[in-house]
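The values are calculated or read from the model by the stated rules, or taken from the named source; none is laboratory data. A quick note: this is a predicted structure, and the numbers were derived from the prediction, not measured. Here Cβ is always computed from backbone atoms with ideal geometry, including for glycine, and neighbour counts include all displayed protein chains. Areas reflect the complete protein model, heavy atoms only, side chains present, ligands, DNA and RNA absent. Shrake-Rupley method; radii C 1.70, N 1.55, O 1.52, S 1.80 Å.
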Amino acid sequence: HAPAGERVLEKVQPSTPSRRRAADCMACDALVAWEHGLRALADGCAGRLLVVNIGSNVGDFDASRLNDMCESGRRALTRLLAAPDLLTLLVEPNPTAYRELERAAAGQRSDRKVHRTVQAAVCPAQSGTVPFYAVSEAYARDYPDSPLWARGEINSLSYNNTHRGLWFAKPRNVTRKRWRTGEAARYVETLRVRCLTPQALLREAGLSADAVDVLALDLEGLDGEVLRAFLALPGFRPRLVIFESNILLQRSPTLTQRLFRSLSRRGYTLAAARPNHVAWLSQEMRCRWMERAGVRGSSTV
């Protein structure tokens with residue numbers, strides 16, 4: 001018999017577009033139900049909820065920015081960021097997006113809600129300064145009617161991932177061949193950014209791996225490598241993991257399925273909610289693990 005997580009994956013990856021659409025909405029409904037359980041967990045065994053969001057861009061504080069009512073784990077993340085008792089670590093390397101993220105996070109703070117921001121990328125193996133590829137501001141000037149996600153959300157440590165991301169934002173007055181064979185590349189700029197390993201990031205923020213309740217990743221194709229690096233940290237066992245999986249499944253299906261199986265073996269249930277996957281632990285399992293590990297959650301700031 002397939003592990004529980006893989007059975008869930010089979011159910012939420014139907015073959016026809018209409019069924020995929022229905023499955024996406026079912027996954028959203030599941031996330032809404034899960035959210036209530038997570039908040040109960042925050043009031044029960046875990047104390048204040050600790051959310052680590054890598055690739056925050058400008059922050060998922062406003063649900064109206066999302067492209068679709070059932071846009072995967074991002075809508076659940078928006079709901080989580082609205083929770084009253086919360087500590088978040090919001091990580092974004094793009095300088096332009098980071099400035100907006102700082103302003104948005106400052107406007108959301110309260111006595112029981114603390115948003116910390118870190119301007120950095122996350123590298124799986126080694127900290128340092130690395131090249132980072134983003135869509136230039138010239139793209140928005142030249143194509144002001146382009147979608148919001150294309151103007152501000154395509155960023156990556158991989159040039160190919162950023163370039164290919166722009167392929168799907170082809171302006172109407174440009175032929176597909178012209179766009180993909182040179183025009184899109186004109187709008188990819190190279191930045192130099194600070195990059196931290198998961199361990200270095202948590203250490204800089206004064207957080208322990210075993211206190212993380214939610215890990216949310218949006219890394220334009222590098223989610224698998226960074227997630228594996230987090231999972232390798234001693235004590236790391238979040239209640240929920242949200243990660244972008246569509247690029248992973250297209251380019252490295254075998255390695256991605258191994259990642260799914262690894263999460264299943266750790267006790268996670270998985271569900272597809274395109275373009276992401278979500279993996280979560282039952283409240284009972286998480287609380288039992290915390291009791292065994294002597295973890296009290298992130299109640300201190």
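Here the accessible area is traced with a 1.4 Å probe on the protein chains. For region 179-245, carbon and sulfur cover 46 percent of it. Positive contributions from Lys and Arg (+1) and negative ones from Asp and Glu (-1), summed over other residues with Cβ under 13 Å from the Cβ of Leu231, come out at +3.
Kindly report the accessible area of region 139-256 per residue (heavy atoms of protein chains, probe 1.4 Å, no ligands, DNA or RNA), in Å².
Working: 5560 Å² over 118 residues.
Averaged over the residues of region 139-256, the accessible area is 47 Å².
Between Arg192 and Arg116, the modelled labels are 2.7 nm apart [label points 7 Å from Cα along Cα→Cβ]. List residues of region 80-115, by number, whose backbone nitrogen lies under 20 Å from a label position 7 Å along Cα→C-beta of Ala200. Residues 89-95, 98 qualify, since their backbone N sits under 20 Å from the label point.
A cut-off of 5 Å between modelled amide H atoms, ignoring neighbours fewer than 5 places along the same chain, links Asn155 with no other residue.
Between the residues Leu207, Trp179, Gly165, the greatest Cα displacement towards the positive end of the dipole of region 157-234, with unit charges on the Cβ of Lys, Arg, Asp and Glu, is found for Trp179. At the residue level, Arg112 shows approximately 120 square angstrom of accessible surface with a 1.4 angstrom probe and all protein chains present.
Using a probe of 1.4 Å on the protein chains alone, the accessible area found for Thr269 is around 40 Å². Ligands, DNA and RNA aside, Tyr143 has an accessible area near 30 Å² when probed at 1.4 Å.
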